[in-house]
Amino acid sequence: MQVNGKPFKWFILPGLLALVGCQQKNEFVAPPPPQVTVSLPVEQEVQEYYSTTGQTRASKTVVLRARVSGYLQEIHFRDGDLVEKGQLLYLIDPAPYEAEVASAQAAQEKASAQLLLAEQNLKRTKELAAKKVATANELDIQEAEVATSKADLGAAEARLQEAKLSLSYTKITAPFAGRIGHHMVDIGNLIQIGETTLAKIEATDPIYAYFTISEADLLRFLEMAQKGEIKISEADPLRIELALGDSSDFEFEGKLDFREFGVDPETGTTERRAVFDNTDGGLIPGLFVRVRGKVGDPAKKLLVPEEAIGSDQRGDFLRVVNEKNIVEHRAVETGILVDGKRVIESGLKPDDRVVVVGLQRAQPGKEVNPEDKTPETSAKSAVSQDTKTENKKSAS
């Protein structure tokens with residue numbers, strides 16, 4: 001290539017470009033550290049609860065069946081009624097059994113008359129025997145007649161009692177107070193003794209709630225009991241609280257009244273039962289509920305907002321900003337949830353500045369621009385979620 005008729009020297013070009021570059025000013029500025037919000041952990045007394053799901057059941061249940069056969073004559077309740085103990089519910093046609101009572105009554109009266117006659121004959125025979133008029137054999141015969149008549153009277157009285165009892169069974173009454181279901185047999189149907197189901201009654205005051213405890217939790221509680229951290233007493237049973245559905249209000253309070261002995265080897269659980277007063281009928285059998293009970297006494301714990309906790313394959317962690325505003329990674333062991341804050345069992349100190357907003361921007365080993373946030377305290381005591389769920393989170 002020629003410039004103004006002279007050859008251009010290409011080797012000069014790099015030097016010219018370098019000279020031009022040196023004359024330009026470097027305007028690159030590093031970005032500022034990302035801004036995050038930090039807060040000190042909240043320190044407060046926390047009451048731990050064991051919380052799990054359960055199901056309500058009636059405290060008493062009976063399936064009504066007839067004790068005598070016959071045609072159903074009357075029904076004395078409405079389906080779903082609350083019935084009282086001893087209330088008449090069904091009437092089976094009593095006529096055949098009234099006839100049996102009358103027949104047995106007549107037989108009993110006949111046997112009584114025969115005994116009276118035998119006793120009178122024995123008396124006369126004794127008088128004649130004293131005068132040497134009646135023989136010893138005749139006296140023996142009369143004494144045997146009296147004994148036989150007494151036995152006949154006893155049998156007649158037993159048959160009369162049996163007949164009266166059968167007659168009483170034609171009236172089917174409630175064995176205890178409770179709510180009765182729908183009638184299963186209509187008037188006019190033939191009732192077979194012991195076979196025909198008439199209705200079901202359930203007593204719901206008090207009412208039971210059954211739930212299970214895992215083997216791991218049971219062993220933990222037994223260890224705590226040995227250390228004196230919790231008390232297990234039949235005289236002072238553990239108070240149990242109950243909440244319906246997804247409600248956070250444990251409005252029903254009862255007490256533990258049954259502990260299954262041993263652990264089911266197939267499920268690895270042991271059953272427990274709590275009893276609740278149910279005068280107002282707020283609980284019905286068959287509900288899936290949440291129950292909880294206190295575990296030990298309240299203890300001071302460190303809590304952080306739930307959203308400040310991260311999780312990976314190694315477990316739960318926090319991002320903590322040190323005095324040089326450098327982010328540190330902290331593996332932590334989490335506990336129960338308290339009003340949106342999670343208890344940190346280990347891995348955290350009271351003066352640690354925890355990243356509560358901007359967790360994704362807070363990379364370990366990098367500088368950040370922290371903005372302090374005043375920690376919020378809670379006046380409420382701890383309310384744990386399902387202990388099994390909590391344990392999974394701690395191990396995740």
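In 10 Å bins starting at 0, how do the alpha-carbon pair distances of the stretch 94-169 split up by percent?
21, 32, 22, 15, 8, 2
Rank the residues 261, 211 as a footprinting-exposure proxy: fewest other Cβ atoms within 10 Å of their Cβ go first. Show your work: numbers first, answer last.
On the way: 261 6, 211 23.
Ranking 261, 211 by Cβ neighbours within 10 Å, fewest first, gives 261, 211.
Do any trypsin sites (Lys or Arg not before Pro) in the stretch 108-144 lie in a loop, going by DSSP, with at most 13 other beta-carbon atoms within 10 Å of their beta carbon, and if so which?
Details: sites: 110, 123, 124, 126, 131, 132; in loops: 131, 132.
Answer by residue number: 131, 132.
Could you give the angle, 0 to 90 degrees to the nearest 10, between helix 13-23's Cα long axis and the longest principal axis of the Cα atoms of the chain?
70
For an R0 of 51 angstrom, estimate the FRET efficiency from the Cβ-Cβ distance between residue 71 and residue 123 and round to the nearest 0.05.
Numbers: r = 51 Å, r/R0 = 0.99.
Working from the Cβ atoms, E equals 0.50.
Are any of the pairs 231/349; 110/171; 301/324; 123/150; 255/341; 85/164 more than 24 Å apart by Cα-Cα distance, and if so, which?
On the way: 231/349 31 Å; 110/171 29 Å; 301/324 27 Å; 123/150 15 Å; 255/341 29 Å; 85/164 22 Å.
Violating the 24 Å Cα-Cα cut-off are 231/349; 110/171; 301/324; 255/341.
Using each residue's phi in the stretch 326-331, evaluate 6.51 cos²θ - 1.76 cosθ + 1.60 at θ = phi - 60° and report the 3J(HN,Hα) Karplus result to the nearest Hz, with x for Gly and Pro.
So the J values, rounded to whole Hz, are 9, 7, 10, 8, 10, 6.
Compute the long axis of helix 215-226 from its Cα atoms, compare it with the longest principal axis of the Cα atoms of the chain, and write down the angle in degrees, 0 to 90, nearest 10.
90
So who's got an amide H within less than 5 Å of the one on residue 177, skipping anything under 5 residues away but keeping other chains? H placed 1.01 Å off N, in plane.
Under 5 Å from the amide H of residue 177 lie the amide H atoms of 85, each far enough along the sequence or on another chain.
If you build a Gaussian network model of the chain, linking Cα atoms that sit under 10 Å apart, which residue out of 140, 236, 264 swings the most?
140
Can you run phi through the Karplus equation (6.51, -1.76, 1.60; θ = phi - 60°) for the stretch 196-209 and list ³J(HN,Hα) in whole Hz, with x for Gly and Pro?
So the Karplus estimates, Gly and Pro as x, are 7, 7, 9, 5, 10, 10, 10, 8, 10, 9, x, 10, 9, 10 Hz.
Give the average over all directions of the projected area of the C-alpha convex hull of the chain, one decimal, in nm².
Details: hull surface 181.8 nm².
Orientation-averaged projected area of the Cα hull: 45.5 nm².
Might you report the magnitude of the Cβ-based charge dipole of the chain about its Cα centre, with Lys and Arg at +1 and Asp and Glu at -1, to the nearest 20 debye?
Working: 49 positive and 61 negative charges, 272 e Å.
Charge dipole of the chain: 1300 debye, to the nearest 20.
What is the order of 275, 321, 354, 133, fewest Cβ neighbours within 10 Å to most?
Least crowded to most crowded, the residues run 133, 275, 321, 354.
Taking only Cα atoms, what is the 0 to 90° angle, nearest 10, from helix 95-130's long axis to the longest principal axis of the chain?
Helix 95-130 and the main axis of the chain meet at about 40 degrees.
Treating only the Cβ atoms of Lys and Arg (+1) and Asp and Glu (-1) as charged, compute the dipole magnitude of the stretch 94-169 about its Cα centre; round to the nearest 20 debye.
On the way: 9 positive and 12 negative charges, 68 e Å.
Using Cβ point charges on Lys, Arg, Asp and Glu, the stretch 94-169 gives about 320 debye.
Using modelled amide H (1.01 Å from N, peptide plane; none on Pro or chain starts), what sits under 5 Å from the amide H of residue 335, excluding residues fewer than 5 places away?
Placed amide hydrogens put 343, 344, 345 under 5 Å from residue 335.
What are the residues whose amide H is under 5 Å from the amide H of residue 74, where those residues sit 5 or more places off or on another chain and H is modelled from the backbone?
Distant-sequence amide H within range of residue 74: 91.
Read the figures in this text as sums done on the coordinates, not as results from a lab. Model, not experiment: these values are computed from the prediction. Backbone-built Cβ (ideal geometry, glycine too); neighbour counts: all protein chains shown.
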